[in-house]
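Trainee: Okay, here's the structure, questions in a sec.
The values are calculated or read from the model by the stated rules, or taken from the named source; none is laboratory data. This is a predicted model, so every value here is computed, not measured. Ideal geometry is used to build each Cβ from the backbone, glycine not excepted, and the neighbour counts take in all protein chains shown.
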Amino acid sequence: MSKKILLIDTLHSSFAKILSEHNFECIEGYHLSESEVLAQIKEYAGIAIRSRFKITKTFLEKASHLQFIARAGAGMENIDVDAANKFNIVCINAPEGNRDAVGEHAIGMLLALMNHLIRADAEVRNGLWKREENRGVELQGKTIGIIGFGNMGSSFAKKLQGFDVDILAYDKYIHIDQQKFPFVKQVSLAEIHQHSDVLSLHVPLTAETNYLVNDHFLNAFTKSIWLINTARGKVLETASLVKALQSGKVIAAALDVLEYENISFEDVDVSKLPAPFQFLIQSKQVLLSPHIGGWTQESNVKIATVLAEKIIAHFNNKLK
């Protein structure tokens, strides 16, 4: 049985080290174009990828010996999972590896927003000392609405415990274990809209969640809210967010992801982006980061380790 793995994207060195100890052969293919990968993919039992290009049905048809696709991260939207299943190719991801990083990043962005930290820092550096204008709002006592309670949403909830907040969570596919999460109340979407002061998005990008947060969704909130998106850019319609910021329905927004990102998440040509994005970069109500929520020194190692261990477990189960 072949145990050759093609590394299409870079992973922490621990990935290849762990796998080599179990007789896997990891071949670096970082320099290969998609067509060059396709030309040799039939030689490999597995591939490891982040988001450099899409793994389509056409790609998989040429991967005659492929047994698994390892996605170094959480989201699987760049992989045709349905087609992979039809070809009996196992899709493996590692959301456990960067969930803590995403949870911490969301907390950091929220606190920075509510306390005007980015604006205040820039003002002080420019000789301005505006105290009253930068009076903040405390997180304590607020109601936090979380949509999506998988690895990322539950990690965010855990990190909120010490802030003395009420945590509501909506997830139509997960029944939240109240013994494990006694501090979280699972509610309907209507209750999220009715009670939330803060909304944090933690859902994968699917046909169901594409532009989930639009005009109708935002206008359904009873209160004005702070909004955080560390999930995927296209879960939130930017034009709708702009209107909500202008109307006051959204007080401020923290976005680690944008609907305009390339599939690789590595680059965005800001100069060519439409008017809604131009509003965001000019707005003092908006905090932006370049899709780095799960991008820490520690998560780099954790993702590689989790992914390698899952691959080994998959092969061990097949050999039983």
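Trainee: Please tell me if Glu208 is in contact with a Leu (Cβ under 9 Å, 6 or more places away or on another chain), without any contact (Cβ under 8 Å) to a residue 24 or more places away in the chain and farther than 23 Å from Leu113 by Cα. If you could, list the steps in order and put the result at the bottom.
Mentor: Values: in contact with a Leu (Cβ under 9 Å, 6 or more places away or on another chain): no; without any contact (Cβ under 8 Å) to a residue 24 or more places away in the chain: yes; farther than 23 Å from Leu113 by Cα: yes.
So Glu208 does not fit the description; no.
Trainee: Also: Taking Leu212, is it surrounded by 22 or more Cβ atoms within 10 Å (Cβ to Cβ) and not assigned by TED's automatic domain parsing to the domain that holds His12? Don't jump to the end; show me each part of the working.
Mentor: Numbers: surrounded by 22 or more Cβ atoms within 10 Å (Cβ to Cβ): no; not assigned by TED's automatic domain parsing to the domain that holds His12: yes.
Taking the combined requirement at face value, the residue does not satisfy it.
Trainee: Would you point out which residue out of Lys172, Lys180, Lys249, Lys159 is basic (Lys, Arg) and in contact with an Asp or Glu (Cβ under 8 Å, 6 or more places away or on another chain)?
Mentor: Only one candidate passes the filter, namely Lys159.
Trainee: Only one residue in Phe68, Phe24 is closer than 16 Å to Ala313 by Cα, among the aromatic types (Phe, Trp, Tyr) and touching a Lys or Arg at 6+ places or on another chain (Cβ under 7 Å). Which one?
Mentor: Every option except Phe24 fails the conditions.
Trainee: Got a number for residues in region 11-30 being farther than 15 Å from Val306 by Cα and within 26 Å of the chain's Cα centre (by Cα)?
Mentor: 3
Trainee: In addition: Being closer than 18 Å to Met152 by Cβ and not hydrophobic (A, V, I, L, M, F, W, C) is the filter here, so list the residues in region 261-289 that pass it.
Mentor: Residues satisfying the conditions are Glu261, Ser289.
Trainee: Restricting to region 140-164, count the residues that are farther than 14 Å from His105 by Cα and either outside the structural domain of Leu212 (by TED's automatic domain parsing) or surrounded by fewer than 18 Cβ atoms within 10 Å (Cβ to Cβ) (or both).
Mentor: Qualifying residue count, region 140-164: 7.
Trainee: Of the conditions (1) in the same structural domain as His22 (by TED's automatic domain parsing); (2) out of contact with any strand residue (DSSP E or B) (no Cβ under 7 Å at 6 or more places or on another chain); (3) modelled with pLDDT of 95 or more, Lys234 satisfies every one except a single condition; which number is it?
Mentor: (1) is the only condition that Lys234 fails.
Trainee: Within region 217-260, take every residue that is hydroxyl-bearing (Ser, Thr, Tyr) and crowded, with 20+ Cβ neighbours inside 10 Å and give me the one that is nearest to the chain's Cα centre (by Cα).
Mentor: The extreme case among them is Thr230.
Trainee: Could you pull out the residue among Arg119, Arg99 that is touching a helix residue (DSSP H, G or I) at 6+ places or on another chain (Cβ under 6 Å) and modelled with pLDDT of 95 or more?
Mentor: Details: Arg119 fails: touching a helix residue (DSSP H, G or I) at 6+ places or on another chain (Cβ under 6 Å).
Among Arg119, Arg99, only Arg99 is touching a helix residue (DSSP H, G or I) at 6+ places or on another chain (Cβ under 6 Å) and modelled with pLDDT of 95 or more.
Trainee: Further, regarding this structure: Just checking, how many residues over region 249-284 are assigned to a helix (DSSP H, G or I) and either outside the structural domain of Leu113 (by TED's automatic domain parsing) or among the β-branched types (Val, Ile, Thr) (or both)?
Mentor: 2
Trainee: Among the residues in region 175-184, are any without any contact (Cβ under 8 Å) to a residue 24 or more places away in the chain and surrounded by 15 or more Cβ atoms within 10 Å (Cβ to Cβ)?
Mentor: No, that holds for no residue.
Trainee: What is the residue count in region 285-320 for residues that are more than 30 Å from Met114 (Cα to Cα) and either touching a residue at least 12 places away in the same chain (Cβ under 8 Å) or in a helix (DSSP H, G or I) (or both)?
Mentor: 19
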